Amino acid sequence: MAENWDMLEAESWPRLSPDDRREVLAAIAGALGQDLEVADGEGEPALRLRHRSTGLRLQLVPGGRLEIGLSQAEEEALADLAYRDPMAAPVLDFLAMSTETLRPVQEVRVPPFLLAQRPLGEPILRRLLGPGQPAELGYLSGCLTRDRAGEAIAALAGEGLRLPSESEWEHAYRAGTRTPFPWGAAPPATPLTPRNDYGFDEMGELAELCADGWHPDHRGLPLDGRARSSASRALVVRGGAAELWPWQGCGEWVSLLSAHRSSSDEHEGFLAIRPALSLCDDAVVG
């Protein structure tokens with residue numbers, strides 16, 4: 001697969017034709033030795049790989065550099081938004097309380113990897129976890145308690161899948177953007193986010209677990225895209241806006257910010273999983 005590696009970068013991958021993408025994805029499937037096949041359909045041929053045993057559709061995230069965290073320009077854009085729109089005023093309280101959690105901004109190099117197009121839903125969770133009700137809260141399909149999430153993570157490891165690092169997650173969510181939200185500076189009316197430019201659905205809506213142990217800021221964040229270990233049992237969570245729906249006008253949409261992060265201890269019963277798959281051994285998140 002080495003001869004195709006340059007094609008997996010953010011500067012090259014979007015420019016490839018569907019036929020070229022098919023060829024590269026087929027090479028990836030063959031090189032990984034996983035139960036993978038090129039997945040066509042949905043009007044977008046040769047954009048994804050299908051993990052046969054789970055049914056997951058895995059989207060390629062091209063490699064690239066990005067700044068992890070809330071930039072000064074993003075903070076200023078949010079402050080300007082709150083100044084112009086009284087409904088956005090709660091973001092100022094969020095910034096006052098949480099800015100340090102989103103800093104310092106770190107420039108990270110994320111290697112290319114595969115990530116599920118959407119979080120695990122109940123059909124796949126039932127296959128992974130066996131009999132019983134995997135979702136503890138029916139109106140958020142696919143959300144798990146901490147214990148059940150641990151079971152699902154262990155089951156995924158048996159399939160060669162893992163949690164993304166928070167750097168990988170933010171890279172996939174931003175999809176090359178550097179604005180407060182992937183779609184710009186204005187908050188949405190609902191937690192239903194559009195498909196982003198890398199082809200991912202529902203990002204930011206659920207409280208998605210990352211592989212990193214919880215740290216209160218970005219100090220010590222690995223600059224190669226890997227996850228951080230921690231003495232805390234809590235993991236980093238990205239997203240979670242639907243957990244607070246219907247919104248009450250208190251700025252619940254801040255969970256959709258590209259830089260937003262929280263601890264899994266804050267989301268008992270609402271945790272979701274979007275599996276990832278490494279493309280080479282030295283890209284594996286340990």
query = Under the condition of being of a type in the set (Val, Ile, Thr) and surrounded by 19 or more Cβ atoms within 10 Å (Cβ to Cβ), which residue from region 71-108 is modelled with the highest pLDDT?
reply = Val108
ask   = What number of residues in region 171-184 are under 12 Å from Gly64 (Cβ atoms) and surrounded by 24 or more Cβ atoms within 10 Å (Cβ to Cβ)?
value = 2
Any hit, region 48-70, residues being over 30 Å from Pro123 (Cβ atoms), over 22 Å from the mean Cα position of the chain (by Cα) and modelled with pLDDT of 90 or more = no
inquiry  = Residue under question is Glu268, and the condition is that it be in contact with a Lys or Arg (Cβ under 9 Å, 6 or more places away or on another chain), charged (D, E, K, R) and closer than 27 Å to Glu11 by Cα; does it hold?
reply    = no
remark   = By my count, strands (runs of 3 or more DSSP E) wholly in region 167-286 with at least 3 residues that are more than 29 Å from Ala89 (Cβ to Cβ) are 207-213, 276-278
query = Hey, among Pro86, Pro14, Pro18, which residue is farther than 21 Å from Ala172 by Cα and out of contact with any strand residue (DSSP E or B) (no Cβ under 8 Å at 6 or more places or on another chain)?
reply = Pro86
remark   = Those residues of region 188-201 which are more than 17 Å from Pro112 (Cβ to Cβ) and surrounded by fewer than 22 Cβ atoms within 10 Å (Cβ to Cβ) amount to Pro188, Ala189, Thr190, Leu192, Thr193, Pro194, Arg195, Asp201
ask   = Just checking, which of Leu81, Leu156 is touching a residue at least 40 places away in the same chain (Cβ under 8 Å), outside any loop (DSSP other than H, G, I, E, B), in contact with a Pro (Cβ under 8 Å, 6 or more places away or on another chain) and over 26 Å from Gly199 (Cβ atoms)?
value = Leu81
note = The one condition Tyr139 fails out of (1) at pLDDT 90 or above; (2) assigned to a loop (DSSP other than H, G, I, E, B) is (1)
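The values are calculated or read from the model by the stated rules, or taken from the named source; none is laboratory data. Values in this document were obtained by computation on a predicted structure and should not be read as measured data. So basically every Cβ, Gly included, is an ideal-geometry build from the backbone, and we count neighbours across all protein chains shown.
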